[in-house]
Structure formats: structure tokens, C-alpha cells
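This report concerns only the one structure given below.
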Amino acid sequence: MMSKKAEVTFSISELAKEFDITTRSIRFYEDQGLLSPRRQGQTRIYTKRDRVRLKLILRGKRLGFSLAETGRLFELYDADKSSGTQLRIMLELIQEKKASLHQQMDDIKVVLMELVTAENRCIDTLKRLEKSEQPE
């Protein structure tokens, strides 16, 4: 008879420490329906699935995904991983986000070039001012 392998679980404080976020943030993501830990009395018990989702939420946040967008991706994934319709919608969302990020990257490059130009003008002007202030 095979024994059932114990499922790896995490406490809210373990996840908070691992991802360097507050327990309040994790509870917020739960309130938003993005995480669904089991309960044992008042204790939340998070699975590996919850841990992966938390990692994806935080990564998505860093990449500019809203929590609503992340939730929609989770819903699509959970609904039917093999549905062509779900996958097409998911691809569309991914492509929209990629296009938005590419536009942000282009905008950042332009701003950086403008900042370098302004910086160089400031340096040149400062050098001229310092040169003209030197006693002869």
C-alpha cells in the first residue's frame, strides 16, 4: 500500500518573508480572489499553487500588469487550459501587454536621450561659467 505524499504547504509569514512583502499584502491578494488558501481555524495554509501564483502576481506587478489583468489571466488559465478560445484570449492579452511595454521602452529611451542632452548642456554651461569666473 502506497502512502500519500505529504503536500508542501506554507504559512502566510513564510511567504511574506520569502517574497519580502507584508502579510497584509498577501491577505489583500486573497481578498482580490488571486489566492485561495485553505483554512485551519484562523490559520491560512498556502499550497505550492498559491506560492506560484504569488510569485506571478509580484512579477506581473513589476512588469506593469494590474491585479485585474493578472486575475483575468489566472481565470483564463484555470477555466480551460486546452480551450482554443481561452488560449487566443490569453495570447491577445499577452500581445497587448507586450506592445504596451515596447511603447514604454521607446518612451524611456527618448526621455533618456533628452536627459543626456540636458545634462551635457548643463555641464558645458557650467564649465564656461567657471572659466569666466576665474581671475586672470
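Just so you know, all these numbers are worked out from the coordinates, no wet-lab data involved. Since we're looking at a predicted model, the values are computed, not measured. Don't worry about glycine lacking a Cβ; one is built from the backbone with ideal geometry, like all the others, and counts go over all protein chains shown.
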Exercise. Would you mind checking the stretch 36-54 for residues with the amide N under 15 Å from a putative spin-label position 7 Å along Cα→C-beta of S13?
Key: 42-46
Exercise. Convert 37 °C to kelvin, take the viscosity as 0.692 mPa s, use the Kirkwood radius over C-alpha pairs of the chain as Rh, and evaluate the Stokes-Einstein diffusion coefficient in µm²/s, rounded to a whole number.
Key: 171 µm²/s
Self-check item: Pairwise FRET efficiency - L56 versus K109, Cβ, R0 = 25 Å, nearest 0.05
Solution: 0.35
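Sorted by average packing, counted as other Cβ atoms within 10 angstrom per residue and highest first, what order do 100-107, 9-16 take? Mind dumping the intermediate values first?
Details: 100-107: 10.9, 9-16: 16.4.
Ranked from most to least packed, the peptides come out as 9-16, 100-107.
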Quiz item: Which residues' amide hydrogens lie under 5 Å from the amide hydrogen of R44, considering only partners 5 or more residues apart or on another chain, with H built in the peptide plane?
Solution: I12
Quiz item: Once amide H atoms are placed 1.01 Å from N in the peptide plane, what residues at a sequence separation of 5 or more from Q32, or on another chain, have their amide H within under 5 Å of its amide H?
Solution: none
Quiz item: Short version: ³J(HN,Hα) in whole Hz for each residue of the stretch 113-118, in order, from phi by Karplus 6.51 cos²θ - 1.76 cosθ + 1.60 (θ = phi - 60°), x for Gly and Pro, what are they?
Solution: 5, 5, 5, 5, 4, 5
Quiz item: Quick one: Karplus J couplings for the stretch 48-60, per residue in order, coefficients 6.51, -1.76, 1.60, θ = phi - 60°, nearest Hz, x for Gly and Pro?
Solution: 4, 4, 4, 4, 4, 4, 4, 4, 5, 4, 5, 5, x
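Taking R0 as 35 Å, what's the FRET efficiency between L126 and L67 from their Cβ-Cβ distance, rounded to 0.05? Walk me through the numbers on the way to the answer.
Details: r = 46 Å, r/R0 = 1.30.
With R0 = 35 Å, the Cβ-Cβ based efficiency is 0.15.
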Quiz item: Which of A6, A68, V52 sits farthest toward the positive end of the charge dipole of the stretch 1-79, with +1 on the Cβ of Lys and Arg and -1 on the Cβ of Asp and Glu?
Solution: A6
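For the pairs K61/K98; K109/K131; K48/K98; K17/K55; K17/K97; K17/K98, flag any whose C-alpha to C-alpha distance is greater than 22 Å.
Listed pairs above 22 Å: K109/K131; K48/K98; K17/K97; K17/K98.
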